[in-house]
1. Considering only the stretch 20-30, state which residues are surrounded by fewer than 14 Cβ atoms within 10 Å (Cβ to Cβ) and part of a helix (DSSP H, G or I).
2. For the stretch 41-90, enumerate the residues that are outside any helix (DSSP H, G or I) and exposed (fewer than 11 other Cβ atoms within 10 Å of the Cβ).
3. Between 40, 34, which is touching a helix residue (DSSP H, G or I) at 6+ places or on another chain (Cβ under 8 Å) and at pLDDT 95 or above?
4. If you check 7, 38, which single one turns out to be closer than 30 Å to residue 96 by Cα and not in a loop (DSSP other than H, G, I, E, B)?
C-alpha cells in the first residue's frame, strides 16, 4: 500500500490554507471571500484528519465533523447576509458595503 509522508500531507493542507488566505485578502467580491473562508476551514479540517490518521485516534475526525457544522452555519448565515447586501446595494463589492459606517457629524 502506497502511503504519502505526513510532511507532504501537511504541506498540501498548508498550501490550501494559504490559497484561501490569499483569496480573502485579495478578492473584493463578498461571495469569493466566503468561498476562500470555506477553503481555509476545509484545510484546517484536513489537518485534523491527517493527525487523526497519523496517531490512529478518532478525535481528529470528531473535530472535522465539528468544523463541518461550523462551516454549514457560516454558509447559511453568510449567504443570507450576502443576499441582503446584494438586494440593498445591487453589488457584491466590499467597497459598496463600506458605506454602512456611520459618518462623523461635526
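The values are calculated or read from the model by the stated rules, or taken from the named source; none is laboratory data. Values in this document were obtained by computation on a predicted structure and should not be read as measured data. Positions of Cβ are generated from backbone atoms using ideal geometry, with glycine treated the same way; all protein chains shown enter the neighbour counts.
1. Within the stretch 20-30, 22, 25, 26 meet the criteria.
2. Step one: of the stretch 41-90, the residues outside any helix (DSSP H, G or I) are 56-58, 90.
Of everything in the stretch 41-90, those that are outside any helix (DSSP H, G or I) and exposed (fewer than 11 other Cβ atoms within 10 Å of the Cβ) turn out to be 56, 58, 90.
3. On the way: 34 fails: at pLDDT 95 or above.
40 is the lone residue from the list that is touching a helix residue (DSSP H, G or I) at 6+ places or on another chain (Cβ under 8 Å) and at pLDDT 95 or above.
4. Details: 7 fails: closer than 30 Å to residue 96 by Cα.
The unique qualifying residue is 38.
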